[in-house]
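Please read the structure below before turning to the comments.
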Amino acid sequence: MVNLGKLKIKDMYFGAKPEIFRIANYHRKNPTEAEKILWDCLRKFRNEGFVFRRQHPVVFFIADFYCHKLKLVIEVDGDYHLITSQYCYDENRSAELERYGIKVLRFKNEEIINRIDKVLSEIKKSIEQLSSPSPSGEGDRRG
């Protein structure tokens, strides 16, 4: 007998390996200030049916925040993301996630700490776009 609940849960990790889960658990227990602020805000979207998960393994990456229903990753970037090599890695990582049909939003720590209303406005806009059916009927990520 197949448990569809577990199958659905397994699908939201896109084949992530156990080591990624261990690292994600460490990061979940040690959030940055910006991650704490954003997490408090994202939890409120549950009332609208959009559940975000913190430090969520996806393939061989760890997303700071992930909503499987929308296939939306939200990344919180510190200053080290401005280093050229890290910036290039982030760009390639986003492109890889997009191959799985996952949209990636990136915000700097300072944006979250100093302009959370603007950040939340951008997130809400993405949620509306991702949860609304496209005119052709494709791109509806609900359910």
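The values are calculated or read from the model by the stated rules, or taken from the named source; none is laboratory data. Predicted model only: the values in this text are computed from it and were never measured. Glycine also receives a Cβ, built like all others from the backbone with ideal geometry; neighbour counts cover every protein chain displayed.
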Practice prompt. For the range 21-57, enumerate the residues that are surrounded by fewer than 17 Cβ atoms within 10 Å (Cβ to Cβ) and at positive phi.
Written response: Gly49
Worksheet entry | Single condition Tyr26 does not satisfy, out of (1) modelled with pLDDT of 95 or more; (2) in contact with a helix residue (DSSP H, G or I) (Cβ under 9 Å, 6 or more places away or on another chain) | (2)
Discussion item. When you scan the range 79-98, do you find a residue that is among the β-branched types (Val, Ile, Thr), out of contact with any Gly (no Cβ under 6 Å at 6 or more places or on another chain) and under 15 Å from Asp11 (Cα atoms), even just one?
Written reply: no
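Take the range 110-143 and flag every residue that is within 14 Å of Ile74 (Cα to Cα) and either modelled with pLDDT under 95 or among the β-branched types (Val, Ile, Thr) (or both). Let's see the steps before the verdict.
At the first step, the residues of the range 110-143 found to be within 14 Å of Ile74 (Cα to Cα) are 111-112, 116, 119-127, 130.
Within the range 110-143, Ile112, Ile116, Val119, Ile123, Ile127 qualify.
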